[in-house]
């Protein structure tokens, strides 16, 4: 009886050590992720410090015209001036609403069309040649035609952003549906799953990762479409600030708009990353999961 109790005690101690090891590992991972989130600001800070030092040095040595590369301190002063007259806030709001509306509309339409193309072969037969025809055409080449058709209001800007978003997301979404292993679908059917259950439990989870990849790819293209559309016939927006600064040779105002474009893009990219972490929390992989530390 004492031997049995001793074996149980030793086994419990071993299990306790394993649990403590896993808890400590999770704590290290959590601490590391928090540190990484904090350290993400270090590259930004380093970049702006080096920019300030180089610009100040250029003002003294006159390596080239100092007006072409103003220091961040001067850019901040001009950004404050744009904020005081209300142009900066109006432009930030206008650009954010345009990119959000166009990006969401493009993604929704792409997912809807991707579902139809993956479900009905006849739709794919009709759509694939059309996509191959219009896919290589840059969306920016359509901007003059869109302006002629719809004018210079908000609708053509959102339409151009939605079209730029639509194609990459559609391609990745269709690819995600097509790469689902047929054995998974057959297994679900053999277990009595309905067509809707197969879509929700098998097809959709398999297509979501590639959809997010397509959304990330199209995000940068969408910002390009946003800025170019705002450079033609807009009264507000970050692209409008760039054009206005070009007309009056206000280089620092150009840098204000450029920096805020990067900041808004970073926010949208972080939101996509957050969505990926929430929706794909079940997905494990990579070196961090393969190697025990």
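Observations on the structure shown:
- Residue in segment 169-191 that is without any contact (Cβ under 8 Å) to a residue 12 or more places away in the chain and either on the phi > 0 side of the Ramachandran plot or crowded, with 16+ Cβ neighbours inside 10 Å (or both) present: no
- Residue list for segment 237-257, filter: crowded, with 16+ Cβ neighbours inside 10 Å and farther than 13 Å from residue 87 by Cα: 243, 250, 251, 252, 254, 255
- Boolean, residue 215 is at pLDDT below 80 and over 19 Å from residue 153 (Cβ atoms): no
- Condition check for residue 137: under 19 Å from residue 225 (Cβ atoms), at pLDDT below 85 and either out of contact with any helix residue (DSSP H, G or I) (no Cβ under 6 Å at 6 or more places or on another chain) or part of a helix (DSSP H, G or I) (or both): yes
- Filtering 234, 207 for residues that are crowded, with 18+ Cβ neighbours inside 10 Å, modelled with pLDDT under 90 and in a helix (DSSP H, G or I) leaves a single hit, 207.
- Filter result for residue 113 (within 30 Å of residue 174 (Cβ to Cβ) and surrounded by 11 or more Cβ atoms within 10 Å (Cβ to Cβ)): yes
The values are calculated or read from the model by the stated rules, or taken from the named source; none is laboratory data. It should be emphasised that the depicted structure is a prediction, and the values quoted were computed from it without experimental measurement. Reconstructed Cβ throughout: ideal geometry from the backbone, glycine too, with neighbour counts over all protein chains shown.
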